[in-house]
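Asks: Sharing a structure here in C-alpha coordinates format.
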Ligand code: NDP
(Lines give C-alpha, C1' and ligand atoms only; values in the text may rest on other atoms or scores of the structure.)
Protein backbone atom coordinates (compact mmCIF):
# COMPACT_ATOMS: atom_id res chain seq x y z
CA UNK A 1 0.00 0.00 0.00
CA UNK A 2 3.00 2.34 -0.02
CA UNK A 3 3.47 2.07 -3.81
CA UNK A 4 2.83 5.50 -5.35
CA UNK A 5 0.23 5.61 -8.12
CA UNK A 6 -0.35 8.37 -10.68
CA UNK A 7 -3.73 8.84 -12.38
CA UNK A 8 -4.00 10.75 -15.65
CA UNK A 9 -7.64 11.64 -16.34
CA UNK A 10 -10.18 12.49 -13.67
CA UNK A 11 -13.47 11.99 -15.45
CA UNK A 12 -16.18 9.95 -13.74
CA UNK A 13 -14.05 6.81 -14.01
CA UNK A 14 -10.65 8.36 -13.30
CA UNK A 15 -11.96 9.90 -10.08
CA UNK A 16 -13.30 6.52 -8.97
CA UNK A 17 -9.91 4.88 -9.73
CA UNK A 18 -8.00 7.56 -7.80
CA UNK A 19 -10.47 7.27 -4.91
CA UNK A 20 -9.99 3.50 -4.68
CA UNK A 21 -6.18 3.83 -4.55
CA UNK A 22 -6.47 6.50 -1.84
CA UNK A 23 -8.82 4.29 0.15
CA UNK A 24 -6.33 1.41 -0.12
CA UNK A 25 -3.67 3.71 1.36
CA UNK A 26 -1.50 4.42 -1.70
CA UNK A 27 0.14 7.80 -2.21
CA UNK A 28 -1.83 9.10 -5.22
CA UNK A 29 -0.77 11.81 -7.68
CA UNK A 30 -3.44 13.14 -10.03
CA UNK A 31 -3.52 15.19 -13.20
CA UNK A 32 -6.47 16.28 -15.31
CA UNK A 33 -6.78 18.72 -18.23
CA UNK A 34 -9.47 20.58 -16.30
CA UNK A 35 -7.58 20.96 -13.04
CA UNK A 36 -10.65 21.64 -10.85
CA UNK A 37 -11.75 18.00 -11.18
CA UNK A 38 -8.89 17.14 -8.81
CA UNK A 39 -10.27 19.27 -5.95
CA UNK A 40 -12.29 16.61 -4.15
CA UNK A 41 -9.46 14.06 -4.42
CA UNK A 42 -6.90 16.57 -3.18
CA UNK A 43 -9.14 17.22 -0.17
CA UNK A 44 -9.02 13.45 0.42
CA UNK A 45 -5.22 13.39 0.29
CA UNK A 46 -4.22 13.15 -3.38
CA UNK A 47 -1.29 15.20 -4.66
CA UNK A 48 -2.16 17.43 -7.64
CA UNK A 49 0.50 17.56 -10.39
CA UNK A 50 0.71 20.83 -12.38
CA UNK A 51 1.82 19.06 -15.58
CA UNK A 52 1.70 15.57 -17.08
CA UNK A 53 5.51 15.45 -16.83
CA UNK A 54 5.35 16.13 -13.07
CA UNK A 55 2.61 13.51 -12.67
CA UNK A 56 4.74 10.87 -14.42
CA UNK A 57 7.74 11.64 -12.23
CA UNK A 58 5.79 10.99 -9.01
CA UNK A 59 6.14 7.21 -9.27
CA UNK A 60 6.74 4.17 -11.44
CA UNK A 61 3.07 3.30 -12.07
CA UNK A 62 0.71 5.52 -14.08
CA UNK A 63 -2.93 4.71 -14.77
CA UNK A 64 -4.41 6.42 -17.82
CA UNK A 65 -8.20 6.80 -18.10
CA UNK A 66 -9.32 9.30 -20.73
CA UNK A 67 -12.20 9.50 -23.20
CA UNK A 68 -10.47 7.65 -26.03
CA UNK A 69 -7.08 6.78 -27.53
CA UNK A 70 -6.89 10.11 -29.34
CA UNK A 71 -7.01 11.81 -25.94
CA UNK A 72 -4.30 9.43 -24.69
CA UNK A 73 -2.02 10.56 -27.52
CA UNK A 74 -2.98 14.22 -26.98
CA UNK A 75 -1.83 13.89 -23.36
CA UNK A 76 1.23 11.62 -23.71
CA UNK A 77 2.56 12.30 -27.23
CA UNK A 78 3.81 15.70 -26.12
CA UNK A 79 7.50 15.03 -25.59
CA UNK A 80 7.09 14.00 -21.95
CA UNK A 81 9.67 11.51 -20.72
CA UNK A 82 8.17 8.02 -20.56
CA UNK A 83 11.44 6.20 -20.04
CA UNK A 84 11.12 3.55 -17.32
CA UNK A 85 7.53 4.36 -16.45
CA UNK A 86 4.78 1.74 -16.48
CA UNK A 87 1.61 2.88 -18.20
CA UNK A 88 -1.61 1.00 -17.53
CA UNK A 89 -4.06 2.36 -20.07
CA UNK A 90 -7.64 1.70 -18.93
CA UNK A 91 -9.15 3.90 -21.66
CA UNK A 92 -11.76 2.07 -23.77
CA UNK A 93 -10.89 1.34 -27.37
CA UNK A 94 -10.43 -1.42 -29.90
CA UNK A 95 -7.65 -4.01 -30.01
CA UNK A 96 -5.79 -2.37 -32.92
CA UNK A 97 -5.60 0.93 -31.02
CA UNK A 98 -4.32 -0.95 -27.97
CA UNK A 99 -1.58 -2.71 -29.99
CA UNK A 100 -0.56 0.52 -31.77
CA UNK A 101 -0.39 2.41 -28.49
CA UNK A 102 1.63 -0.39 -26.88
CA UNK A 103 4.19 -0.23 -29.72
CA UNK A 104 4.24 3.55 -29.47
CA UNK A 105 4.89 3.42 -25.71
CA UNK A 106 7.54 0.69 -25.99
CA UNK A 107 9.43 2.78 -28.57
CA UNK A 108 9.59 5.54 -25.97
CA UNK A 109 11.06 3.27 -23.31
CA UNK A 110 7.86 2.82 -21.30
CA UNK A 111 6.39 -0.44 -20.07
CA UNK A 112 2.78 -0.74 -21.24
CA UNK A 113 -0.26 -2.74 -20.21
CA UNK A 114 -3.63 -2.23 -21.81
CA UNK A 115 -6.77 -2.73 -19.79
CA UNK A 116 -10.52 -2.58 -19.98
CA UNK A 117 -12.90 -1.73 -17.17
CA UNK A 118 -16.06 -3.81 -17.14
CA UNK A 119 -17.76 -1.87 -14.35
CA UNK A 120 -19.39 1.43 -13.50
CA UNK A 121 -17.52 4.00 -11.37
CA UNK A 122 -19.46 3.23 -8.16
CA UNK A 123 -18.32 -0.43 -8.30
CA UNK A 124 -14.61 0.46 -8.50
CA UNK A 125 -12.79 -0.76 -5.39
CA UNK A 126 -15.17 -3.70 -4.90
CA UNK A 127 -14.83 -7.29 -6.15
CA UNK A 128 -17.76 -6.64 -8.49
CA UNK A 129 -15.54 -4.42 -10.67
CA UNK A 130 -13.89 -6.67 -13.24
CA UNK A 131 -10.82 -5.12 -14.81
CA UNK A 132 -9.08 -6.93 -17.66
CA UNK A 133 -5.38 -6.53 -18.43
CA UNK A 134 -3.13 -7.64 -21.27
CA UNK A 135 0.51 -7.08 -22.16
CA UNK A 136 3.87 -8.37 -20.92
CA UNK A 137 3.31 -10.74 -18.00
CA UNK A 138 6.27 -9.53 -15.88
CA UNK A 139 4.90 -5.97 -16.02
CA UNK A 140 1.48 -7.18 -14.89
CA UNK A 141 2.98 -9.31 -12.12
CA UNK A 142 5.00 -6.35 -10.87
CA UNK A 143 1.84 -4.30 -10.29
CA UNK A 144 -0.94 -6.89 -9.82
CA UNK A 145 -1.13 -6.37 -6.07
CA UNK A 146 -1.41 -2.59 -6.46
CA UNK A 147 -3.98 -2.87 -9.27
CA UNK A 148 -6.00 -5.19 -7.02
CA UNK A 149 -7.20 -2.09 -5.13
CA UNK A 150 -9.48 -1.40 -8.12
CA UNK A 151 -11.46 -4.63 -8.08
CA UNK A 152 -11.19 -8.12 -9.53
CA UNK A 153 -8.07 -7.86 -11.64
CA UNK A 154 -7.65 -10.37 -14.46
CA UNK A 155 -4.67 -11.01 -16.74
CA UNK A 156 -5.52 -12.32 -20.22
CA UNK A 157 -2.19 -12.69 -22.03
CA UNK A 158 0.80 -11.03 -23.66
CA UNK A 159 -1.02 -9.51 -26.66
CA UNK A 160 -1.94 -5.98 -25.51
CA UNK A 161 -5.08 -6.15 -27.70
CA UNK A 162 -6.67 -8.93 -25.65
CA UNK A 163 -8.29 -6.74 -22.99
CA UNK A 164 -10.13 -4.71 -25.65
CA UNK A 165 -11.14 -7.87 -27.51
CA UNK A 166 -12.64 -9.43 -24.38
CA UNK A 167 -14.25 -6.11 -23.52
CA UNK A 168 -16.03 -5.99 -26.88
CA UNK A 169 -17.03 -9.67 -26.62
CA UNK A 170 -18.46 -8.95 -23.17
CA UNK A 171 -20.31 -5.86 -24.34
CA UNK A 172 -21.82 -7.92 -27.18
CA UNK A 173 -23.19 -10.30 -24.55
CA UNK A 174 -24.49 -7.48 -22.40
CA UNK A 175 -26.32 -5.62 -25.15
CA UNK A 176 -27.68 -8.78 -26.76
CA UNK A 177 -29.15 -9.99 -23.48
CA UNK A 178 -30.61 -6.54 -22.79
CA UNK A 179 -32.09 -6.29 -26.29
CA UNK A 180 -33.68 -9.73 -25.96
CA UNK A 181 -35.18 -8.70 -22.63
CA UNK A 182 -36.48 -5.42 -24.11
CA UNK A 183 -38.06 -7.33 -27.01
CA UNK A 184 -39.89 -9.68 -24.65
CA UNK A 185 -40.88 -6.74 -22.45
CA UNK A 186 -42.30 -4.83 -25.44
CA UNK A 187 -44.31 -7.87 -26.50
CA UNK A 188 -45.80 -8.37 -23.04
CA UNK A 189 -46.44 -4.66 -22.55
CA UNK A 190 -48.43 -4.69 -25.79
CA UNK A 191 -50.64 -7.20 -23.98
CA UNK A 192 -50.89 -4.95 -20.90
CA UNK A 193 -48.29 -6.79 -18.78
CA UNK A 194 -45.76 -4.50 -17.14
CA UNK A 195 -41.97 -4.77 -17.29
CA UNK A 196 -41.63 -5.58 -13.59
CA UNK A 197 -43.84 -8.64 -13.99
CA UNK A 198 -41.67 -10.04 -16.78
CA UNK A 199 -38.28 -9.17 -15.23
CA UNK A 200 -38.00 -12.11 -12.76
CA UNK A 201 -39.11 -14.58 -15.44
CA UNK A 202 -36.61 -13.08 -17.90
CA UNK A 203 -33.82 -13.33 -15.31
CA UNK A 204 -34.63 -17.01 -14.80
CA UNK A 205 -34.31 -17.64 -18.56
CA UNK A 206 -31.01 -15.75 -18.74
CA UNK A 207 -29.61 -17.82 -15.86
CA UNK A 208 -30.85 -21.03 -17.45
CA UNK A 209 -29.23 -20.20 -20.78
CA UNK A 210 -25.98 -19.25 -19.02
CA UNK A 211 -25.87 -22.81 -17.70
CA UNK A 212 -25.82 -24.19 -21.26
CA UNK A 213 -22.71 -22.28 -22.28
CA UNK A 214 -19.97 -24.70 -21.13
CA UNK A 215 -21.52 -27.65 -23.01
CA UNK A 216 -22.26 -25.58 -26.09
CA UNK A 217 -18.72 -24.17 -26.07
CA UNK A 218 -17.42 -27.74 -26.06
CA UNK A 219 -19.49 -28.48 -29.19
CA UNK A 220 -18.04 -25.40 -30.91
CA UNK A 221 -14.47 -26.26 -29.91
CA UNK A 222 -14.96 -29.86 -31.13
CA UNK A 223 -16.68 -28.69 -34.34
CA UNK A 224 -19.43 -31.28 -33.76
CA UNK A 225 -23.06 -30.37 -33.03
CA UNK A 226 -25.16 -33.46 -32.24
CA UNK A 227 -28.77 -32.51 -31.36
CA UNK A 228 -28.78 -33.72 -27.76
CA UNK A 229 -31.56 -31.38 -26.62
CA UNK A 230 -33.21 -29.96 -29.72
CA UNK A 231 -32.54 -29.84 -33.45
CA UNK A 232 -32.23 -26.49 -35.19
CA UNK A 233 -35.28 -27.28 -37.38
CA UNK A 234 -37.37 -27.63 -34.21
CA UNK A 235 -36.08 -24.28 -32.95
CA UNK A 236 -36.95 -22.59 -36.25
CA UNK A 237 -40.59 -23.64 -35.95
CA UNK A 238 -40.72 -21.75 -32.64
CA UNK A 239 -38.95 -18.81 -34.27
CA UNK A 240 -41.78 -18.57 -36.80
CA UNK A 241 -44.23 -18.08 -33.90
CA UNK A 242 -41.88 -15.54 -32.37
CA UNK A 243 -41.82 -13.43 -35.54
CA UNK A 244 -45.58 -13.73 -36.04
CA UNK A 245 -46.45 -12.87 -32.44
CA UNK A 246 -44.27 -9.74 -32.52
CA UNK A 247 -45.65 -8.61 -35.88
CA UNK A 248 -49.25 -9.20 -34.76
CA UNK A 249 -48.59 -7.14 -31.64
CA UNK A 250 -47.62 -4.27 -33.94
CA UNK A 251 -44.18 -3.86 -32.35
CA UNK A 252 -40.68 -3.81 -33.84
CA UNK A 253 -39.84 -7.28 -35.20
CA UNK A 254 -36.31 -6.65 -36.50
CA UNK A 255 -34.59 -8.71 -33.79
CA UNK A 256 -36.96 -11.73 -34.06
CA UNK A 257 -36.54 -11.64 -37.86
CA UNK A 258 -32.74 -11.51 -37.60
CA UNK A 259 -32.75 -14.48 -35.21
CA UNK A 260 -34.89 -16.49 -37.63
CA UNK A 261 -32.99 -15.39 -40.77
CA UNK A 262 -29.68 -16.67 -39.37
CA UNK A 263 -31.20 -20.02 -38.40
CA UNK A 264 -32.89 -20.29 -41.82
CA UNK A 265 -29.53 -19.81 -43.51
CA UNK A 266 -27.94 -22.53 -41.35
CA UNK A 267 -30.77 -24.90 -42.26
CA UNK A 268 -30.35 -24.03 -45.95
CA UNK A 269 -26.67 -24.96 -45.52
CA UNK A 270 -27.78 -28.39 -44.31
CA UNK A 271 -27.60 -28.03 -40.52
CA UNK A 272 -31.28 -28.56 -39.62
CA UNK A 273 -30.64 -31.77 -37.72
CA UNK A 274 -27.82 -30.29 -35.66
CA UNK A 275 -27.90 -28.30 -32.43
CA UNK A 276 -28.15 -24.52 -32.02
CA UNK A 277 -24.41 -23.72 -31.59
CA UNK A 278 -23.87 -24.83 -35.22
CA UNK A 279 -24.92 -21.23 -35.94
CA UNK A 280 -21.34 -20.30 -35.06
CA UNK A 281 -20.69 -20.86 -38.78
CA UNK A 282 -23.11 -18.04 -39.63
CA UNK A 283 -21.48 -15.78 -37.05
CA UNK A 284 -18.00 -16.56 -38.36
CA UNK A 285 -18.68 -15.42 -41.93
CA UNK A 286 -17.62 -11.91 -42.99
P1 LIG B 1 -15.55 11.32 -18.74
O2 LIG B 1 -16.19 11.93 -19.94
O3 LIG B 1 -16.18 11.53 -17.42
O4 LIG B 1 -14.02 11.83 -18.62
C5 LIG B 1 -13.21 11.94 -19.76
C6 LIG B 1 -11.80 12.32 -19.32
O7 LIG B 1 -10.96 12.43 -20.47
C8 LIG B 1 -11.71 13.67 -18.61
O9 LIG B 1 -10.70 13.58 -17.65
C10 LIG B 1 -11.31 14.60 -19.74
O11 LIG B 1 -10.65 15.76 -19.32
C12 LIG B 1 -10.33 13.70 -20.47
N13 LIG B 1 -10.05 14.11 -21.85
C14 LIG B 1 -10.81 13.92 -22.95
N15 LIG B 1 -10.22 14.39 -24.06
C16 LIG B 1 -9.03 14.90 -23.65
C17 LIG B 1 -7.94 15.51 -24.33
N18 LIG B 1 -7.96 15.68 -25.66
N19 LIG B 1 -6.89 15.91 -23.59
C20 LIG B 1 -6.85 15.73 -22.25
N21 LIG B 1 -7.84 15.15 -21.54
C22 LIG B 1 -8.91 14.73 -22.25
O23 LIG B 1 -15.39 9.77 -19.08
P24 LIG B 1 -15.24 8.53 -18.07
O25 LIG B 1 -14.31 8.91 -16.97
O26 LIG B 1 -16.57 8.02 -17.73
O27 LIG B 1 -14.56 7.48 -19.02
C28 LIG B 1 -13.15 7.40 -19.21
C29 LIG B 1 -12.82 6.09 -19.91
O30 LIG B 1 -13.28 5.00 -19.09
C31 LIG B 1 -13.53 5.95 -21.26
O32 LIG B 1 -12.67 5.33 -22.18
C33 LIG B 1 -14.70 5.05 -20.91
O34 LIG B 1 -15.15 4.30 -22.03
C35 LIG B 1 -14.09 4.15 -19.84
N36 LIG B 1 -15.13 3.50 -19.03
C37 LIG B 1 -16.06 4.27 -18.38
C38 LIG B 1 -17.10 3.67 -17.70
C39 LIG B 1 -18.14 4.47 -16.98
O40 LIG B 1 -19.12 3.86 -16.51
N41 LIG B 1 -17.98 5.77 -16.83
C42 LIG B 1 -17.22 2.19 -17.67
C43 LIG B 1 -16.14 1.49 -18.31
C44 LIG B 1 -15.16 2.14 -19.00
P45 LIG B 1 -11.52 17.08 -18.92
O46 LIG B 1 -12.03 16.82 -17.53
O47 LIG B 1 -10.52 18.18 -18.99
O48 LIG B 1 -12.61 17.20 -19.94
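The values are calculated or read from the model by the stated rules, or taken from the named source; none is laboratory data. Model, not experiment: these values are computed from the prediction. When we count neighbours, we look across all protein chains shown, and the Cβ atoms used for this are built from the backbone with ideal geometry, even at glycine.
Results for (1) out of contact with any strand residue (DSSP E or B) (no Cβ under 6 Å at 6 or more places or on another chain); (2) surrounded by 15 or more Cβ atoms within 10 Å (Cβ to Cβ), shown as yes or no for each residue.
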site	(1), (2)
107	yes, no
117	no, yes
121	yes, yes
124	yes, yes
127	no, no
137	yes, no
140	no, yes
151	no, yes
154	no, yes
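Asks: If I go through the stretch 78-99 residue by residue, how many of them are out of contact with any helix residue (DSSP H, G or I) (no Cβ under 6 Å at 6 or more places or on another chain), within 16 Å of the ligand (Cβ to nearest atom) and over 20 Å from residue 10 (Cβ atoms)?
Replies: 2
Asks: Can I ask one more? Yes or no: the stretch 26-48 includes at least one residue that is more than 24 Å from residue 126 (Cα to Cα), in contact (Cβ under 8 Å) with a residue 40 or more places away in the chain and within 16 Å of the ligand (Cβ to nearest atom).
Replies: yes
Asks: Still on this model: What's the total number of residues in the stretch 7-25 that are buried (at least 22 other Cβ atoms within 10 Å of the Cβ) and away from the ligand (no atom under 14 Å from the Cβ)?
Replies: 1
Asks: Sort through 55, 71 and tell me the only one that's surrounded by fewer than 21 Cβ atoms within 10 Å (Cβ to Cβ) and assigned by TED's automatic domain parsing to the domain that holds residue 143.
Replies: Exactly one of 55, 71 is surrounded by fewer than 21 Cβ atoms within 10 Å (Cβ to Cβ) and assigned by TED's automatic domain parsing to the domain that holds residue 143, namely 71.
Asks: So how many residues does the stretch 58-68 have that are in a loop (DSSP other than H, G, I, E, B) and either crowded, with 22+ Cβ neighbours inside 10 Å or within 9 Å of the ligand (Cβ to nearest atom) (or both)?
Replies: Of the residues in the stretch 58-68, 4 are in a loop (DSSP other than H, G, I, E, B) and either crowded, with 22+ Cβ neighbours inside 10 Å or within 9 Å of the ligand (Cβ to nearest atom) (or both).
Asks: Could you please give the count of residues in the stretch 105-123 that are within 9 Å of the ligand (Cβ to nearest atom) and touching a helix residue (DSSP H, G or I) at 6+ places or on another chain (Cβ under 6 Å)?
Replies: Adding up the residues that qualify gives 3.
Asks: If I filter the stretch 77-94 for residues that are under 23 Å from the mean Cα position of the chain (by Cα), assigned to a helix (DSSP H, G or I) and surrounded by fewer than 24 Cβ atoms within 10 Å (Cβ to Cβ), do I get at least one hit?
Replies: Filtering the stretch 77-94 for residues under 23 Å from the mean Cα position of the chain (by Cα) gives 86-94.
Checking the rest, the ones that are also assigned to a helix (DSSP H, G or I) come to none.
Within the stretch 77-94, not a single residue is under 23 Å from the mean Cα position of the chain (by Cα), assigned to a helix (DSSP H, G or I) and surrounded by fewer than 24 Cβ atoms within 10 Å (Cβ to Cβ).
Asks: Would you confirm whether or not the stretch 189-204 contains a residue that is surrounded by 15 or more Cβ atoms within 10 Å (Cβ to Cβ) and closer than 30 Å to residue 129 by Cα?
Replies: Within the stretch 189-204 (the criterion being surrounded by 15 or more Cβ atoms within 10 Å (Cβ to Cβ) and closer than 30 Å to residue 129 by Cα), the answer is yes, since at least one residue qualifies.
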